[in-house]
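These notes concern the structure reproduced below.
The values are calculated or read from the model by the stated rules, or taken from the named source; none is laboratory data. The structure presented is a predicted model; accordingly, all values stated were derived computationally and were not measured. Cβ: placed from backbone, ideal geometry, glycine included. Neighbour counts: every protein chain shown. Heavy atoms of the whole protein, side chains included, go into the accessibility calculation; ligands, DNA and RNA do not. Shrake-Rupley method; radii C 1.70, N 1.55, O 1.52, S 1.80 Å.
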Amino acid sequence: KVIHRMKLWNVSFFAIKEGWKTIEMRLNDDKRSKIQTGDIIEFTNISTLETMSCLVLNIFNYKTYKDLYLNHSKVSIGYKEDEIAKPEGMLVYYSVEEINKYGVLGIEIKVL
């Protein structure tokens, strides 16, 4: 098993830790394209530096975040029931050029 290290914002970290966010969304760049089912991701909370290990259960490849959002429930990707899930929100993290170049991943995870 390969261990991958990633940083997470506080809100996403706790959504995963609490068990309702089960899909981590990332760009399918060189670093993330190496992730495989069965690998471990060690997340570090950017705010608190707390770490948590998760097992990769599945990997979903999409061209755009819109495609990803259409195929997964908004809660599983980190939104609360009363929130509006908009793929454009991912442009805070990644540019349109990066998304078009690499595509995106939905990484299904389970806290260990």
Filter result for L57 (assigned to a helix (DSSP H, G or I) and either surrounded by 12 or more Cβ atoms within 10 Å (Cβ to Cβ) or at positive phi (or both))
no
Unmet criterion (only one of (1) under 29 Å from E97 (Cβ atoms); (2) open to solvent by 40 Å² or more (accessible area, probe 1.4 Å); (3) touching a helix residue (DSSP H, G or I) at 6+ places or on another chain (Cβ under 8 Å)) for H4
(2)
Every pair of residues 6+ apart whose Cβ atoms lie under 7 Å, when the first sits in the stretch 1-24 and is part of a strand (DSSP E or B) while the second is aromatic (F, W, Y):
M6/F43; L8/F43
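Per-residue answers, yes or no, for (1) within 10 Å of G78 (Cβ to Cβ); (2) over 12 Å from the mean Cα position of the chain (by Cα):
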residue	(1), (2)
K7	no, no
V11	yes, yes
I16	yes, no
T22	yes, no
M25	yes, no
D30	no, yes
I41	no, no
T44	no, yes
Among the residues of the stretch 25-45, write down those that are open to solvent by less than 40 Å² (accessible area, probe 1.4 Å) and either small (G, A, S) or part of a helix (DSSP H, G or I) (or both).
R32, G38
Cross-chain or 6+ apart pairs with Cβ under 6 Å, the stretch 90-112 first and touching a residue at least 12 places away in the same chain (Cβ under 8 Å), then open to solvent by less than 70 Å² (accessible area, probe 1.4 Å) and small (G, A, S)
L112/S53
Looking at the stretch 34-61, which of the residues that are in contact (Cβ under 8 Å) with a residue 40 or more places away in the chain and among the polar types (S, T, N, Q) is nearest to N71 (Cα to Cα)?
N61
If you take the residues in the stretch 72-96 that are out of contact with any strand residue (DSSP E or B) (no Cβ under 8 Å at 6 or more places or on another chain), in a loop (DSSP other than H, G, I, E, B) and among the β-branched types (V, I, T), which one is most open to solvent (accessible area, probe 1.4 Å)?
I84
